[in-house]
Amino acid sequence: MDKNLYDVPMTGLNHYCNGKPVPFFCNGKEEWGIDSFDFNGQTFKSDDIVVVDGHIGNIEIVNTEVGCCGLGMSLIYADVMARRPWTMNSGHRSKLDGIRHATDEEKRLYEIDANDVYDGAERADRMWKERFEKW
């Protein structure tokens, strides 16, 4: 692949709220994604937990013509499975080669560490807001 994966135009996978798709806002305009895509006999939808390129995380964007995808939050797969301290990534992009849905056990282990990430982010957000409340 000649292009850097972060330069490849991507299509979002639709998120739904109250049964209706929610638009994305890119460069100041409203855009709509796709409901799903098929690859190697599997169907992938927004926020499916997938394993790809040594990461486990939720899929959010795709370009099937070029054959790449982008994850929302992902963790290093080997660390999650070995129960080692995690390294969180946001927006990791990779080739679609080898992508698959995570098994129930992989999802269970991922959720443990993902919840730690969310807890840390919420603590940081609270601390940031408290700084300004004191002013």
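Comparing mean-square fluctuations of V117, V80, V22 from a GNM of the chain with C-alpha springs under 10 Å, the top value falls on V22. Is the shape of the chain best called rounded, prolate or oblate, per the rule: a/c under 1.5 gives rounded, else a/b larger than b/c gives prolate, else oblate, with a ≥ b ≥ c the square roots of the Cα gyration tensor eigenvalues? It is oblate, given that a/c is not under 1.5 and a/b is not larger than b/c.
For region 5-133, the relative contact order is 19 percent, taking Cα pairs closer than 8 Å that sit 6 or more residues apart in sequence and dividing their mean separation by the residue count.
If you look at the Cα atoms of region 32-88, you get an Rg and a Dmax of 12.3, 38 Å. Exposure proxy ranking for Y77, Y16, based on other Cβ atoms within 10 angstrom of each Cβ and starting from the fewest, stands as Y16, Y77. Applying the criteria of a DSSP loop state and at most 16 other Cβ atoms within 10 Å to the GluC sites (Glu not before Pro) of region 29-135 yields E65. Here the dipole of region 5-133 is about 140 debye; that uses its Cα centre as origin and unit charges on the Cβ of Lys and Arg (positive) and Asp and Glu (negative). Between region 1-62 and region 75-99, what is the C-alpha centre distance in whole Å? Each part reduced to its Cα centre gives a spacing of 17 Å. List, in the order given, every pair from K45/K95; K20/K129; K45/K129 whose Cα-Cα distance in the structure shown is over 26 Å. Exceeds cut-off: K20/K129; K45/K129.
Counting other Cβ atoms within 10 Å as a rough exposure proxy, the listed residues C68, C17 run C17, C68 from fewest neighbours to most.
Note on the chain: with a GNM built from Cα contacts shorter than 10 Å, the maximum mean-square fluctuation among D79, D119, D35 falls on D119.
Taken together, the values in this text are just the output of simple stated rules run on the coordinates, not laboratory data. Treat the numbers as computed from the prediction; the structure is a model and nothing was measured. Note that each Cβ is placed from the backbone with ideal geometry, even for glycine, and that neighbours are counted across all protein chains shown.
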